[in-house]
1. Please go through the stretch 50-72 and pick out each residue that is within 13 Å of the chain's Cα centre (by Cα) and at pLDDT 85 or above.
2. Answer yes or no: is there a residue in the stretch 74-94 that is at pLDDT 75 or above and out of contact with any Pro (no Cβ under 6 Å at 6 or more places or on another chain).
3. Would you kindly identify the helices (runs of 4 or more DSSP H) lying entirely within the stretch 17-64 that contain at least 2 residues that are among the β-branched types (Val, Ile, Thr) and surrounded by 11 or more Cβ atoms within 10 Å (Cβ to Cβ)?
Amino acid sequence: MPKGGPRAGAGRPKGAQNKVTQSLREAIKESFERVGGVEYLTRVAHEDPRTYLTVVGKVIPAELNATVDGSMALTILSGIDSPPGGGDGDGDGDE
């Protein structure tokens with residue numbers, strides 16, 4: 001057997017999840033469905049926008065890497081209206 005370097009067939013295939021991660025994801029998905037799924041998230045978005053946006057911020061990539069040649073226009077559509085009552089959502093009364 002050669003010393004050092006990668007061995008063919010050693011370890012998990014690239015992109016494969018370990019059993020704990022896979023089980024945890026399945027448990028989270030099941031609990032999400034039990035509490036109401038999309039309807040639940042919609043309700044949280046209206047009743048507690050800060051919590052909703054915290055969750056959204058954890059699942060949407062935080063960084064965009066791009067190489068641009070020439071000019072480019074970027075439009076980000078969040079699909080999220082302003083918080084109930086307007087303002088900036090922090091509850092301090094300013095906009």
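1. Correct list: TYR52, LEU53, THR54, VAL55, VAL56, GLY57, LYS58.
2. No, because not a single residue in the stretch 74-94 is at pLDDT 75 or above and out of contact with any Pro (no Cβ under 6 Å at 6 or more places or on another chain).
3. Correct list: 37-47, 49-59.
The values are calculated or read from the model by the stated rules, or taken from the named source; none is laboratory data. Keep in mind the model is a prediction, meaning the values are calculated, not measured. Cβ coordinates were reconstructed from backbone atoms using ideal geometry, including for glycine residues, and neighbour counts include every protein chain displayed.
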